[in-house]
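Q: Please see the structure below; I have some questions.
The values are calculated or read from the model by the stated rules, or taken from the named source; none is laboratory data. These figures come from a predicted structure and were not determined experimentally. Here the Cβ is made from the backbone with ideal geometry for all residues, glycine too, and neighbour counts use every protein chain on show. Areas reflect the complete protein model, heavy atoms only, side chains present, ligands, DNA and RNA absent. Shrake-Rupley method; radii C 1.70, N 1.55, O 1.52, S 1.80 Å.
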Amino acid sequence: MKNIIIDLIKESLYKINKNDDIAIDNIEVSLCKNKKFGDFSSNVAMKYASQNNENPRDFAKKIINAIEDNNNIIKIEIAGPGFINFFISKKTQFSIVDKILEDKNEYGKNNSGENSKILIEFVSANPTGPLHVGHGRGAAFGDCLSNLLSENGCEVVKEYYVNDAGKQIDILTLSVLQRYHELINSDDKFSYEGLYKGDYVWDIAAEIHRNYKLDYFIEDLKKHINNSIDLYIFNIKNILSVNKFLKIKEISVEYILKDIKKTLSISGIDYNSWFLESSLISDNSLENIIDHLDKNNHTYNKEGALWFKSKELGDEKDRVLIKENKDHTYLSTDIAYHNNKIARNFNKVINIWGADHHGYVSRINGAFNIFSNGKSELIILLVQFANLYRGDEKVSMSTRSGDFVTLEQLVKEVGKDATRFFYLARKSDQHMDFDIELAKSNDSNNPVYYIQYAHARICSIFRQLDENKMHFDYNKNYLDLLVEEEEISIIKKLYSYPDIIINSSSKYEPHLLTNYMRELAQEIHSYYNKYQVLIENEKLRNARLALIKSAKYVFENSSKIIGINMPEKM
RNA sequence: GCGCCUGUAGCUCAUCUGGAUAGAGCAUCGGAUUUCUAAUCCGAGGGUAAUAGGUUCGAGUCCUAUCAGGCGCACCA
């Protein structure tokens, strides 16, 4: 419908303006907020009046006069400063119910993203511990965004980048070895700052001890301590042998990854691809990339380290690629990683990062542009933190100290549906408060239940229908009988669903969809309370059934994108 | 100190990329079930959109400054 109006306006503008000096590819038509203004409205007249040396209302009048008759439209008005308001015939409005009943679970899908191949990388938390609630928001956001993009016809690959190389993993390995040491020789306990302390470190150590007994035991571990953690790691690698150290590293990473995958799985998230940082080293990608940067004058040596000239690419300062001790930095593998993404021929590469990484954006953007040559677009979306509350009490967290609520605990406590919905219900660049008590509550405080209940009520009506030995006989012509204000309002809401899908996807804002679902639920509840669906009048009954049935499809389709269930009974 | 994000009802947040009278939920108060699930509905009060300027037909939305909060400024990832 909207497109019909846009076309009408376009034609009209062509007629008025033969020399065509108005940019008319961007005509805005939107649903009216207030129904007294009509059904659709456009601001073209106001927008382009000045270009045409006219006042908006006069220009609007001209446009309207030039619009051809169309039997979908019953009235066109000028209002306010120069809005053009369109009143749509009832029949045309009802046709959306017909369309939804035909499209069913396809309603909302579109092909605006056809031929667009997108890589979306999210969470990518270091495998140095379980996912915690801070990761949850990025997880829900990335997964929902993937669903949205797919709904728009994009080909989407969801990827998790596993940082299984580098210093943090060495520290994890060291942490495990120390616990393992303590398990074997409980008299020889000592503390060392900066190691990972969570219970899971003990679990890994215990597993190694169970399977390998004393194979990795180091006598007098204490003797090899060094104040510098780098040197401490260096010593242990030497004494234990690099291979044995690697083995412990592998076991630890594997253990933690298994845990991470389990958490993601109960959160309803599955990835298409797990990309290992270590693979960039073993297949020489890292080396090649450094070479390439070297040859193209993007690097220099200083103080024994190799530096990346990121400042000239928009960064605050230059960054180290290869440290003085010849270890690579995180940045250097990350550049190789992004080059790999480019090589895989994606039109868009989306990274979802925690907002604490914003300082990292410009350097990776700079590096990306060196390699992509405009072939592929990098989009970095920052997700703000979520503060966890239990009622009024703030829950504090710190990974290193091991004092945190894991994502698994959260999902188990409040459920997958509420967890996902709450994470998604806010604009991602907004700080948010996540109240566990609220998410757990099953009354009107909780929008998840509110929405599910609306859906369950629709299902209930159809159950009643069966029990009363009645049938849903759909007939398009009965739709004319839907004359109540609430019914028209629901129809408009249903009509706007595909726009929400396009909008929330192109703006990367899933919260538009959660808002929409709540609004639709509200309309359904109001309607349910005011009007009876299962009534004597057969034609009206079937018209109403058709209406709520199409609402049910929209609940189903949207909930699938959000990743929550829609129970038939509650 | 520099950079990024944010500031809307008592609280949590929307506002469809600049549009018409800034909207929801919670909380508060008052109502609604012999009828498809009251996990619901209806109504009421509640606002100088942090502050001050600017841009234009029109600003919560864009620009500047100030104030307040969060985050970042590693040869960590």
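Q: Can you tell which of A:ASP188, A:ASP199, A:ASP203, A:ASP164 is within 16 Å of RNA strand B (Cβ to nearest atom) and not hydrophobic (A, V, I, L, M, F, W, C)?
A: Values: A:ASP188 fails: within 16 Å of RNA strand B (Cβ to nearest atom); A:ASP199 fails: within 16 Å of RNA strand B (Cβ to nearest atom); A:ASP203 fails: within 16 Å of RNA strand B (Cβ to nearest atom).
None of the other options fit; the residue is A:ASP164.
Q: Please find, within region A:307-318, the residue that is nearest to RNA strand B (Cβ to nearest atom) out of those that are in contact with a helix residue (DSSP H, G or I) (Cβ under 6 Å, 6 or more places away or on another chain) and open to solvent by 40 Å² or more (accessible area, probe 1.4 Å).
A: A:LYS317
To keep it simple, each residue is scored yes or no on (1) among the hydrophobic types (A, V, I, L, M, F, W, C); (2) in contact with a helix residue (DSSP H, G or I) (Cβ under 8 Å, 6 or more places away or on another chain); (3) surrounded by 15 or more Cβ atoms within 10 Å (Cβ to Cβ).
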position: A:VAL44; (1), (2), (3): yes, yes, yes
position: A:LYS62; (1), (2), (3): no, yes, yes
position: A:ILE96; (1), (2), (3): yes, yes, yes
position: A:LYS99; (1), (2), (3): no, no, no
position: A:GLU102; (1), (2), (3): no, no, no
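Q: Any residue that is β-branched (Val, Ile, Thr) and open to solvent by 20 Å² or more (accessible area, probe 1.4 Å) - is there at least one of those in region A:531-544?
A: yes
Q: Also, quick follow-up: Can you tell me which of (1) within 16 Å of RNA strand B (Cβ to nearest atom); (2) free of Cβ contacts under 8 Å to residues at least 40 places away in the same chain is the one A:GLY354 doesn't meet?
A: Among (1) within 16 Å of RNA strand B (Cβ to nearest atom); (2) free of Cβ contacts under 8 Å to residues at least 40 places away in the same chain, A:GLY354 violates only (2).
Q: For region A:342-351, enumerate the residues that are open to solvent by 30 Å² or more (accessible area, probe 1.4 Å) and either more than 16 Å from RNA strand B (Cβ to nearest atom) or part of a helix (DSSP H, G or I) (or both).
A: A:ALA343, A:ARG344, A:ASN345, A:ASN347
Q: Being of a type in the set (A, V, I, L, M) and open to solvent by 50 Å² or more (accessible area, probe 1.4 Å) is the filter here; which residues of region A:225-248 pass it?
A: So the first thing to find is which residues in region A:225-248 are of a type in the set (A, V, I, L, M), and the list is A:225, A:229, A:231, A:233, A:236, A:239-240, A:242, A:246, A:248.
Matches in region A:225-248: A:ILE225, A:LEU231, A:ILE239, A:VAL242, A:LEU246.
Q: Within region A:117-134, which residues are at pLDDT 90 or above and either more than 16 Å from RNA strand B (Cβ to nearest atom) or within 19 Å of A:LYS416 (Cβ to Cβ) (or both)?
A: Answer for region A:117-134, where residues must be at pLDDT 90 or above and either more than 16 Å from RNA strand B (Cβ to nearest atom) or within 19 Å of A:LYS416 (Cβ to Cβ) (or both): A:LYS117, A:ILE118, A:LEU119, A:ILE120, A:PHE122, A:VAL123, A:ALA125, A:PRO130, A:LEU131.
Q: Any residue at all in region A:251-258 that is open to solvent by 30 Å² or more (accessible area, probe 1.4 Å) and within 15 Å of A:LEU177 (Cα to Cα)?
A: yes
Q: I'm trying to understand the selection: among the residues of region A:79-112, which are more than 15 Å from RNA strand B (Cβ to nearest atom) and within 22 Å of A:VAL349 (Cβ to Cβ)?
A: Within region A:79-112, A:ASN111 is the sole residue that qualifies.
Q: May I ask you to say which residue of A:ILE501, A:ILE436, A:ILE490 is surrounded by 15 or more Cβ atoms within 10 Å (Cβ to Cβ), farther than 25 Å from A:LYS560 by Cβ and more than 11 Å from RNA strand B (Cβ to nearest atom)? Write out each step before concluding.
A: Numbers: A:ILE501 fails: farther than 25 Å from A:LYS560 by Cβ; A:ILE490 fails: farther than 25 Å from A:LYS560 by Cβ.
When all the criteria are applied, what remains is A:ILE436.
Q: Related question: Looking at region A:419-433 only, could you name the residues that are farther than 12 Å from A:THR514 by Cα and open to solvent by less than 60 Å² (accessible area, probe 1.4 Å)?
A: A:THR419, A:SER428, A:MET432
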